[in-house]
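Some notes on the structure that comes next.
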Amino acid sequence: MADRYGMKADAPRGWYVEVTRRPGEEPPLTAANGRVAAGQRDDGDVTRGVLHACTRALPADRGDFGSGVVDLLGPDDVFVALVDYGPEVADQGLFERQGLPRLAPSQFAPNRMQRPLPGMSASQQFFSSGGRAFCLFTVLGSHARRMASVQRAAQLVRTLHITDRDTMRRQGGRP
């Protein structure tokens, strides 16, 4: 899959993957010190890239954390969202943890869903990678089948690639 917004996945067979960005302002270019570069505004509704991966086809109309798609999951399906929060909050507070998280069945519970859906469970983990902050949100179509489903999700997560902030700047992108 092509690298968009500094995120990509080399998904295993049977996965659908898209990287998108909702309409809104591009994140401002930042100087080496992390501040907004001269001549750039930082007062609009900034949106950043989101990578969605699912074991069933992704509908065009869906939210960053899977609204519009998780309702469609069957008991053997998995949905993964990698949501970019940008460099401004990277490496601090909620985003202190470094590197893509490893998934384990113990991290999933029905009460971790954005809204309760019968039989499903989710995991939400915050981390930083390459000077950028992210949330990895994963939904399993069946909490009862999590032992097998988490293995499928982990296989997908291992294929995720995140371009670091400095490389994105050099390439003219906005982290």
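We did not get these values from a lab; they are worked out from the coordinates using the rules stated. Predicted, not measured: the structure shown is a model, and the values here were computed from it. For neighbour counting, all protein chains shown are included, and Cβ atoms are generated from backbone atoms with ideal geometry for every residue, glycine included.
Over all distinct Cα-Cα pairs of the range 94-175, the Kirkwood formula returns a hydrodynamic radius of 13.9 Å. What the pair-distance distribution of the range 93-142 shows, using all Cα-Cα distances binned every 5 Å from zero, is 5, 22, 27, 19, 15, 9, 3, 0 percent. For the range 7-170, relative contact order (Cα pairs under 8 Å, six or more residues apart, normalised by length) works out to 24 percent. Counting every pair of alpha carbons in the range 39-131, the share spaced more than 20 Å apart comes to 46 percent. A simple spin-label model places the labels of Ala144 and Gln125 2.7 nm from each other, with each point 7 Å out along Cα-to-Cβ.
Its Cα gyration tensor gives the range 7-170 an equivalent ellipsoid. The semi-axes, each the square root of 5 times an eigenvalue, are 29, 16, 14 Å from largest down. Placing a label point 7 Å from the Cα of Thr159 along the Cα-to-Cβ line, the residues of the range 67-87 whose backbone N sits under 13 Å from it are 80. Electrostatic bookkeeping for Ile162 treats Lys and Arg as +1 and Asp and Glu as -1; over the other residues with beta carbon under 11 Å from its beta carbon, the sum is 0.
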